[in-house]
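To start, the structure under review is shown below, and the notes come after it.
The values are calculated or read from the model by the stated rules, or taken from the named source; none is laboratory data. Everything numeric in this text was worked out from a predicted model, so none of it was measured. Heads up, the Cβs are rebuilt from the backbone with ideal geometry, glycines too, and the neighbour counts pull from every protein chain shown. What goes into the accessible areas is simple: the full protein's heavy atoms, side chains included, and nothing from ligands, DNA or RNA. Shrake-Rupley method; radii C 1.70, N 1.55, O 1.52, S 1.80 Å.
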Amino acid sequence: MIQLRAVLFAVYFFFLTLLMGIGAFPIRWLKKRGLALHYAQLWAKLTLAGLTRICRIEIDISGLENIPAGPCLIASQHQSYFDGFVWMNLSQRPAYIIKQELTRIPLVGPMLLLAGMVPVERAAGAKALRDMMRRAQESFAENRQIIIFPEGTRTLPGERVPLQPGIVALAKQSDVPIVPVATNSGAHWPRQGFLKYPGRIVIAIGKPIPTQAGRGALIGAITQAWEGLSHANNLPVPVDNSVGGTR
């Protein structure tokens, strides 16, 4: 039954994306940025509606009151493609830090750019960081909230990897609060494979972290916040599994 539900969701998602991608052509031609964002939010909302109903996955969100009304950095653990959809509607005006490759996806990519997402070309090194920071400043000026996955890649539930420096650079440049988020999304929509597993995906949102601390302290504060949220919500606690790890 799990296999059948996964197939049905894949079919649903394909045709939803195809139809909405075609329907987005007038928005792209008119270059309506605000409308593009609302359209992308609708796409994400319908995607998750299909996921919950077809694959029998519940979404449990706590701590929404911890998100400031104005610009901030939402620093979420990243375990699944699910994470790329859910914040489209948890934030009123989201702007994701995304991989440049996503902007090359037919139908989807152009809308991501028009909706104000912030692409990063990882291979570009320092130039990529400067471009990201410039685009992020533009997003903050528009009173948007930036969603960033500091791990830089999807991880296994309970896995700890070094956090990327981009979040520190953004926080220091903009002096906006960092909102930590823990999740178990990878337990139900794994980073690899086709199946989706029934159950409850938890999104636990913590209190904002001040950005006055130095780089190491800021990284440590994010990691500790994730650990605290994981303990409090019975989620897999991040553990360093690398050689020489302390836990």
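Output the number of residues of region 160-173 satisfying the condition of being touching a Pro at 6+ places or on another chain (Cβ under 7 Å) and in a helix (DSSP H, G or I).
Within region 160-173, residues that are touching a Pro at 6+ places or on another chain (Cβ under 7 Å) and in a helix (DSSP H, G or I) number 1.
Only one of (1) free of Cβ contacts under 8 Å to residues at least 12 places away in the same chain; (2) assigned to a loop (DSSP other than H, G, I, E, B) is not met by Pro190, so which one is it?
Among (1) free of Cβ contacts under 8 Å to residues at least 12 places away in the same chain; (2) assigned to a loop (DSSP other than H, G, I, E, B), the lone unmet condition for Pro190 is (1).
So that you can scan it fast, the table gives a plain yes or no per residue for (1) at negative phi; (2) over 17 Å from the mean Cα position of the chain (by Cα); (3) outside any helix (DSSP H, G or I):
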position: Phe14; (1), (2), (3): yes, yes, no
position: Leu42; (1), (2), (3): yes, no, no
position: Lys45; (1), (2), (3): yes, no, no
position: Arg53; (1), (2), (3): yes, yes, no
position: Met88; (1), (2), (3): yes, no, no
position: Ala95; (1), (2), (3): yes, no, yes
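Taking interchain pairs and intrachain pairs at least six residues apart, which have beta carbon atoms under 6 angstrom, with the first residue in region 1-12 and within 16 Å of Tyr81 (Cβ to Cβ) and the second assigned to a loop (DSSP other than H, G, I, E, B) and not hydrophobic (A, V, I, L, M, F, W, C)?
Ala6/Lys196
If you check Ala6 against the conditions, is it closer than 19 Å to Gly116 by Cβ and within 24 Å of the chain's Cα centre (by Cα)?
So Ala6 fails the test.
Given the criteria touching an Asp or Glu at 6+ places or on another chain (Cβ under 9 Å), at pLDDT below 90 and open to solvent by 20 Å² or more (accessible area, probe 1.4 Å), does Gln212 qualify?
yes
Please determine whether any residue of region 13-36 is in contact (Cβ under 8 Å) with a residue 12 or more places away in the chain and either touching a His at 6+ places or on another chain (Cβ under 6 Å) or within 30 Å of Val161 (Cα to Cα) (or both).
No, because not a single residue in region 13-36 is in contact (Cβ under 8 Å) with a residue 12 or more places away in the chain and either touching a His at 6+ places or on another chain (Cβ under 6 Å) or within 30 Å of Val161 (Cα to Cα) (or both).
Which one of these is loosely packed, with under 13 Cβ neighbours inside 10 Å, under 30 Å from Ile209 (Cα atoms) and in contact (Cβ under 8 Å) with a residue 40 or more places away in the chain: Glu58, Glu65?
Glu58
Checking Trp189 against (1) open to solvent by less than 10 Å² (accessible area, probe 1.4 Å); (2) at pLDDT 95 or above; (3) not acidic (Asp, Glu), which test does it fail?
For Trp189, the failing item is (1).
For the condition surrounded by 15 or more Cβ atoms within 10 Å (Cβ to Cβ), at pLDDT below 95 and closer than 28 Å to Ile205 by Cα, what is the one hit in Pro110, Pro71?
Only one candidate qualifies: Pro71.
I need the full set of residues from region 97-145 which are among the polar types (S, T, N, Q), in a helix (DSSP H, G or I) and more than 23 Å from Trp29 (Cα to Cα), in order please.
Selection gives Gln137 alone.
Name the residues in region 135-162 that are under 14 Å from Glu227 (Cα atoms) and of a type in the set (A, V, I, L, M, F, W, C), would you?
Val161 - this is the single residue of region 135-162 that is under 14 Å from Glu227 (Cα atoms) and of a type in the set (A, V, I, L, M, F, W, C).
What are the residues in region 124-143 that are surrounded by 13 or more Cβ atoms within 10 Å (Cβ to Cβ) and of a type in the set (Lys, Arg), if any?
Of everything in region 124-143, just one residue is surrounded by 13 or more Cβ atoms within 10 Å (Cβ to Cβ) and of a type in the set (Lys, Arg), namely Arg135.
Here is a yes/no grid of residues against (1) of a type in the set (Asp, Glu); (2) more than 24 Å from Gln164 (Cβ to Cβ); (3) out of contact with any Phe, Trp or Tyr (no Cβ under 9 Å at 6 or more places or on another chain):
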| residue | (1), (2), (3) |
| --- | --- |
| Ala49 | no, yes, yes |
| Thr52 | no, yes, yes |
| Cys55 | no, yes, no |
| Glu65 | yes, yes, yes |
| Ile74 | no, no, no |
| Gln77 | no, no, no |
| Tyr81 | no, no, no |
| Gln92 | no, yes, yes |
| Tyr96 | no, no, no |
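If you go through region 16-31 one residue at a time, do you hit one that is aromatic (Phe, Trp, Tyr), open to solvent by less than 50 Å² (accessible area, probe 1.4 Å) and in a helix (DSSP H, G or I)?
No, every residue in region 16-31 fails to be aromatic (Phe, Trp, Tyr), open to solvent by less than 50 Å² (accessible area, probe 1.4 Å) and in a helix (DSSP H, G or I).
Determine if region 144-164 includes at least one residue that is surrounded by fewer than 21 Cβ atoms within 10 Å (Cβ to Cβ) and at pLDDT below 85.
Yes, some residue in region 144-164 is surrounded by fewer than 21 Cβ atoms within 10 Å (Cβ to Cβ) and at pLDDT below 85.
Which of the numbered conditions does Gly199 fail, given that it passes all the others? Conditions: (1) surrounded by fewer than 21 Cβ atoms within 10 Å (Cβ to Cβ); (2) among the small types (Gly, Ala, Ser); (3) closer than 21 Å to Asp131 by Cα.
Going through (1) surrounded by fewer than 21 Cβ atoms within 10 Å (Cβ to Cβ); (2) among the small types (Gly, Ala, Ser); (3) closer than 21 Å to Asp131 by Cα one by one, Gly199 breaks only (3).
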